[in-house]
Amino acid sequence: MGPIQTRRLLLRPFRMDDLQDVLEYQSRPDVVRFLPWPVRDASMVEEALSKAIGQTTLNQRDDDLSLAVTDRDQGQLVGQVNAMYLSEKNQRGEIGYVVNPRFCGRGLGVEASRALVSAMIDTGQFRRVIARCDGRNSAPRALLARLGFREEAHFIEDDFFKGEWISTLIFATLRDEWRILDELTA
């Protein structure tokens, strides 16, 4: 999956010179509170970037792809989107996103996530795309509702995460639903 352009954004592969921009948000406790990694220092971000740089495709189960989300006009890195290939047989993928708090409130997470889901659907490999979030975190719930994802499950205290029991919400869209939504929002 190559670079993806939207009206305001460019989703592109990470580069090692993104380290300081990524460190800015991945080192913040308020940002990583609901994410599956701890607060990261520079060496941890460098390790994560090395891994992300080496993962450039979504061809088979367990492939992960992380793309830098940048402002098209100024080139500023504003966050990241992630795609995971969950099942070839069931044609299922998953998305995730992180936006640096400096850039929140502008709809960038919605725009980047919409572009990523469309790109995944357009490959023909994904019939179903899901997103998971911590039930305490209202931001992804709102974003996924704006995308048109359907809330399908609310698992009560199903995961012991960072020292406490959390509830997980599962959202999803199907290829045919997405194409209709995509046409309506184009």
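Here are the numbers:
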{"item": "Residue satisfying all of: in region 68-90; closer than 18 Å to A131 by Cα and among the small types (G, A, S); nearest to the chain's Cα centre (by Cα) among these", "result": "A83"}
{"item": "Candidate set from region 119-146 (those that are touching a helix residue (DSSP H, G or I) at 6+ places or on another chain (Cβ under 6 Å) and not in a loop (DSSP other than H, G, I, E, B)); member that is farthest from R33 (Cα to Cα)", "result": "I121"}
{"item": "Region 16-44, residues that are within 24 Å of R141 (Cα to Cα), without any contact (Cβ under 8 Å) to a residue 60 or more places away in the chain and hydroxyl-bearing (S, T, Y)", "result": "S27"}
{"item": "Residue list for region 7-25, filter: in a helix (DSSP H, G or I) and not aliphatic (A, V, I, L, M)", "result": "D17, D18, Q20, D21, E24, Y25"}
{"item": "Failed condition for N100, given (1) free of Cβ contacts under 8 Å to residues at least 40 places away in the same chain; (2) among the polar types (S, T, N, Q); (3) surrounded by 13 or more Cβ atoms within 10 Å (Cβ to Cβ)", "result": "(1)"}
{"item": "Pair list, Cβ under 7 Å, 6 or more apart: region 173-186 residue closer than 8 Å to G148 by Cβ, other residue at pLDDT 70 or above and of a type in the set (D, E, K, R)", "result": "T173/R150"}
{"item": "Out of L86, L77, sole residue that is surrounded by 15 or more Cβ atoms within 10 Å (Cβ to Cβ) and closer than 19 Å to G2 by Cα", "result": "L77"}
{"item": "L169 being surrounded by 14 or more Cβ atoms within 10 Å (Cβ to Cβ) and at pLDDT 95 or above", "result": "yes"}
{"item": "Where T70 falls short, out of the listed (1) within 28 Å of R150 (Cβ to Cβ); (2) surrounded by 18 or more Cβ atoms within 10 Å (Cβ to Cβ); (3) touching a residue at least 40 places away in the same chain (Cβ under 8 Å)", "result": "(1)"}
{"item": "Filter result (within 12 Å of A172 (Cα to Cα) and buried (at least 19 other Cβ atoms within 10 Å of the Cβ)) within region 134-152", "result": "L144, L147, F149"}
{"item": "Of residues in region 14-25 being in contact with a strand residue (DSSP E or B) (Cβ under 8 Å, 6 or more places away or on another chain) and buried (at least 17 other Cβ atoms within 10 Å of the Cβ), the one farthest from R72 (Cα to Cα)", "result": "Y25"}
{"item": "Candidate set from region 45-61 (those that are in a loop (DSSP other than H, G, I, E, B) and in contact (Cβ under 8 Å) with a residue 24 or more places away in the chain); member that is surrounded by the most Cβ atoms within 10 Å (Cβ to Cβ)", "result": "L58"}
{"item": "Tally of residues being in contact with a strand residue (DSSP E or B) (Cβ under 7 Å, 6 or more places away or on another chain), without any contact (Cβ under 8 Å) to a residue 12 or more places away in the chain and polar (S, T, N, Q) across region 133-172", "result": "0"}
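The values are calculated or read from the model by the stated rules, or taken from the named source; none is laboratory data. The structure presented is a predicted model; accordingly, all values stated were derived computationally and were not measured. Heads up, the Cβs are rebuilt from the backbone with ideal geometry, glycines too, and the neighbour counts pull from every protein chain shown.
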